[in-house]
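Asker: A single structure is presented below for examination.
The values are calculated or read from the model by the stated rules, or taken from the named source; none is laboratory data. Everything numeric here is computed off the predicted structure, so don't read it as measured data. When we count neighbours, we look across all protein chains shown, and the Cβ atoms used for this are built from the backbone with ideal geometry, even at glycine.
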Amino acid sequence: MIQDIFPSHLNNSYQAKQPQPESFILCFQEGRLLAKIADGVPHFPRFQEIAAQDIAPVYLFSVDDEAFFLADAAAITGYPAYTMRELRDQCAGKYLYAAFTAYHLHLWYADNRFCGRCRGTMHPDAAERALVCTDCGKKIYPRLNPAVIVGVISKGRILITRYRRGYAHNALVAGFTEIGETLEETVQREVMEETGLRVRNIRYYKSQPWGMAQDILMGFFCEADGDDTIRMDDQELKSAVWCKPEEIELQPQQHSLTNEMMKLFRDTNGQLPREYNPVQADAADQKTRIYFTRHGETTMNAENHISGVTDCDLTGNGILQAQQLAAVCAQQGDIDLILCSPLKRARKTAEIIAAQIHVPVVTEERLREWDYGAYEDQPRDQTPDFQAAKREFGVRMKGGGESLLQLAHRVYQCIDDIRQQYAGMTVLCVCHGGVCRIAETYFRDMSTDAFSHFFMGNCELRQYEQ
Ligand SMILES: [Zn+2]
């Protein structure tokens, strides 16, 4: 956008500066700016080129260490006068932004030579960017016109307009804020006036100083509410149509907020980032459904060995259990995605389900089974201290394994992230008995007793909604 001049910076804080020989002097003559254009960059006269003209330039702003002043100079040899539109169409970069900003200030100074209250003469204030009446003392400040740019979205398309007068290229719905309304109300009113549409889920995007029209522009995305039939105001607009991302024809220059918003919609294939996507934000209000299941029976389950993070295969029975679960999932018909522990037994179970319901499988490290440390792969019933040691598992696990607190920490974080990342979706987590037990405590109120007796059968399915 025009203001994106990083690493350069436009410093507009008011200072009582005097021009130096190399300072830029911006001279407007009947709305045209004196400049030379070379390779798409406007160049302005320097103070030393007009010093003989006996004028008092007004300090405007600096871009990095270059100061810009405004002056009513006579013609300067070698500098033709350009309209702002000509500069906009032919130039880019920090000097174009400087020209736009100077134009805004120039119009304000030019339109306020006399006091609107007493007709006295206005003169610049010494301490701030203001004009003061010499007769009555009335002080006025620079005027900005707030306006909104609106990307209205419906069914994966965005509303593209063309103005009847003025700018000839594609645009979005736009209009000025009237006295007595909020910006959100401006958005609703302008969209209604220009296209007859109601909107909802108004999401702020970005703003842009647009000196060429003395504006401060504020961009919003929103969603058409209900009937999306366009009833265009043909006094204002020449066209208003719903466009799919690939149908969007951008403006010839990269200057405007409007163009950036259209480009963002096109480049993301209509999937705007969550923070300003009105459609996604709506989905986030819907319920997120999370299923948990434990993998099918394994060789170690069959032998009654403790299988934490030790990898082992499904038995024939385990594969059959996974196939039966797949049939249940197909009947449910609501699963959008499978998240899966990285361990082999969970992965295999997930793949059997995915083959039946045709959804992606994503490995989620935090769904890995509880690390039983020294007890890994030990026979459950013939490990004498295992039952006794269970009382300690809450805070420590012998042999470098995870405590129950550590396990809960990662599983809770994982569920938090699933709820945020897959808001409005239905997700199946294929994991393990220990992880399922923690998940149960995340969603349901449990007594200590119920927790210690909780058991999840192989390929048992539990559903949670938030
Ligand atoms: Zn006055």
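Asker: Write out, first by first residue and then by second, each pair whose Cβ atoms fall under 7 Å of each other, whose residues are 6+ apart or on separate chains, and whose first residue, in the stretch 214-239, is closer than 20 Å to E275 by Cβ while the second is charged (D, E, K, R) and assigned to a strand (DSSP E or B).
Answerer: Correct list of pairs: G219/K206; F220/R203; F221/R203; C222/R200; C222/R203; E223/R200.
Asker: Is one or more of the residues making up the stretch 261-279 of a type in the set (V, I, T) and more than 13 Å from G151 (Cβ to Cβ)?
Answerer: The answer is no; no qualifying residue exists.
Asker: Yes or no: L217 surrounded by 18 or more Cβ atoms within 10 Å (Cβ to Cβ), in contact with a helix residue (DSSP H, G or I) (Cβ under 6 Å, 6 or more places away or on another chain), assigned by TED's automatic domain parsing to the domain that holds K244 and not acidic (D, E)?
Answerer: Yes, satisfied.
The rows are residues; the columns are (1) touching a Cys at 6+ places or on another chain (Cβ under 6 Å); (2) modelled with pLDDT of 95 or more.
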position	(1), (2)
N269	no, no
L272	no, no
D282	no, no
Y291	no, yes
G296	yes, yes
H305	no, no
V309	no, no
C312	no, no
L325	yes, yes
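Asker: Please give the helices (runs of 4 or more DSSP H) falling wholly within the stretch 16-133 in which 1 or more residues are within 16 Å of the ligand (Cβ to nearest atom) and surrounded by fewer than 16 Cβ atoms within 10 Å (Cβ to Cβ).
Answerer: Correct list: 94-111.
Asker: A follow-up question, please. For the structure I just gave you, tell me whether A56 is within 30 Å of H169 (Cα to Cα) and not β-branched (V, I, T).
Answerer: So A56 fails the test.
Asker: Oh, and also: Basic (K, R) and away from the ligand (no atom under 16 Å from the Cβ), is that true of R162? Steps first, please.
Answerer: Numbers: basic (K, R): yes; away from the ligand (no atom under 16 Å from the Cβ): yes.
In short, yes.
Asker: For the stretch 352-466, which helices (runs of 4 or more DSSP H) that fit wholly inside it have 2 or more residues that are surrounded by fewer than 14 Cβ atoms within 10 Å (Cβ to Cβ), without any contact (Cβ under 8 Å) to a residue 40 or more places away in the chain and more than 37 Å from the chain's Cα centre (by Cα)?
Answerer: It comes to 384-389, 448-453.
Asker: Can you pull out every residue in the stretch 162-183 that is under 23 Å from the mean Cα position of the chain (by Cα) and in contact (Cβ under 8 Å) with a residue 24 or more places away in the chain?
Answerer: If the condition is that a residue be under 23 Å from the mean Cα position of the chain (by Cα) and in contact (Cβ under 8 Å) with a residue 24 or more places away in the chain, then N170, A171, L172, V173, A174, G175, L183 are the ones that fit.
Asker: Still on this model: Take the residues in the stretch 134-157 that are farther than 24 Å from P209 by Cβ, touching a Gly at 6+ places or on another chain (Cβ under 9 Å) and outside any loop (DSSP other than H, G, I, E, B); name whichever of them is farthest from the ligand (Cβ to nearest atom).
Answerer: The selected residue is R157.
Here's the yes/no breakdown for (1) in contact with a helix residue (DSSP H, G or I) (Cβ under 9 Å, 6 or more places away or on another chain); (2) of a type outside the set (S, T, N, Q); (3) in contact (Cβ under 8 Å) with a residue 24 or more places away in the chain:
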| residue | (1), (2), (3) |
| --- | --- |
| Y97 | yes, yes, yes |
| Y103 | yes, yes, yes |
| F114 | no, yes, no |
| T121 | no, no, no |
| A130 | no, yes, no |
| C136 | no, yes, no |
| K139 | no, yes, no |
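Asker: Would you be able to say whether some residue in the stretch 54-67 is of a type in the set (F, W, Y) and closer than 23 Å to Q214 by Cβ?
Answerer: The answer is yes, given that some residue of the stretch 54-67 is of a type in the set (F, W, Y) and closer than 23 Å to Q214 by Cβ.
Asker: I'd like the full set of residues that are part of a loop (DSSP other than H, G, I, E, B) and surrounded by fewer than 18 Cβ atoms within 10 Å (Cβ to Cβ), limited to the stretch 4-15.
Answerer: D4, F6, P7, S8, H9, N12, S13, Y14, Q15
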